[in-house]
1. Given the convex hull of the Cα atoms of the range 42-116, what is a quarter of its surface area in nm²?
2. How large is ³J(HN,Hα), in whole Hz, for each residue of the range 222-227 in order, when computed from phi with the Karplus curve 6.51 cos²θ - 1.76 cosθ + 1.60 and θ = phi - 60°, using x for Gly and Pro?
3. Across 5 Å bins from the origin, how do the percents of Cα pairs in the range 149-188 run, short distances first?
4. For the residue pair Gln179 and Asp162, what label-to-label distance in nm results when each label sits 7 Å from Cα along the Cα-to-beta-carbon direction?
5. In the range 153-212, which GluC sites (Glu not before Pro) are in a loop and have at most 13 other Cβ atoms within 10 Å, using DSSP for the loop call?
6. Work out, step by step, the length gained on full extension between Asp81 and Lys98: first 0.36 nm times the residue separation, then minus their alpha carbon distance; give nm to one decimal.
7. From the Cα trace of the range 145-250, what convex hull volume per residue do you get, rounded to a whole Å³?
Amino acid sequence: MNSKIILGLAVVAISIGLYGVAMEETQAPQVVKTEQTQTDPKLLAWQANRKIARGEQVMRQDFQAVYFTRSQAGLHGLIADTHFDWQTQKYAKQTLQKGEVVTPELLTSPGRADYLTTVIEPGFVPFNVTVPGVDVVGGTISVGDLVDISVLSAPTQNLSKDKTVDDIQHLTMTPLLAQVPVLNMITRERSVSTLSSEKVSEVTLVLQVTNRQVAQLTVAKRIAEIEVHKSIGKEYSDDLKADSSDVIRISGQRDEIREYRFK
């Protein structure tokens, strides 16, 4: 009788032991899975929160930050966090759909080789106009701004080369072009002469113009002094007109003022 009891207790103990081992084996994968989920790193990415046209300037608020697992990131070709310098102007190199993941290769900035071909509109060409830094008047001009262009001219002189005006009675300033987009700006300094350390600042504006406007600007660069003004509206461009009588009262005596220096 005692042996049967002992045998029964042994069977119960073995059964309990086997049940415990089975439970540990069942729970073990769950513990590993939980640890893997907690330590799985996420990668930072950016998605467009609206449709963006090719050549359109984009800003931080046009995108939303998202985090992908490595497997999700791999589907978009990402292997590391995506970072952008939002202090630099950026433009879309192609049409971006809402929700599309955006990488640095899909955006361009002024100064990059693909920038001009990205932002220039069909039917227009880029044209460079270089002016002294002090002549970029009417407030600070930035890439993307619209400018008006006027010319300072005299019938008997080439003011693109002369630094003085001999006949101030016929000196005029007239508007040439209005609402011209600035695609890019390049500022540099050059020496006044090889004998002096003095330098002057020059600004080259890359403008978006039509073929007709190219012809006008080409002639203007040869015969007149070009002035660039930040535009305040097309309706005000005609106000950029004046002649010497608006500035200096002339009684008809040529020898009153023989020379008017404007530079």
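Throughout, read-outs are computed from the coordinates displayed, never taken from laboratory work. Being a predicted model, the structure only gives us computed values, none of them experimental. A quick note on method: Cβ atoms are made from the backbone with ideal geometry, for glycine too, and the neighbour counts reach across all protein chains shown.
1. 4.8 nm²
2. 8, 10, 9, 8, 8, 10
3. 6, 18, 21, 16, 16, 14, 8, 1
4. 3.6 nm
5. Listed in order of number, the matching sites are Glu198.
6. 4.1 nm
7. Measuring per residue, one finds 136 Å³ for the Cα hull of the range 145-250.
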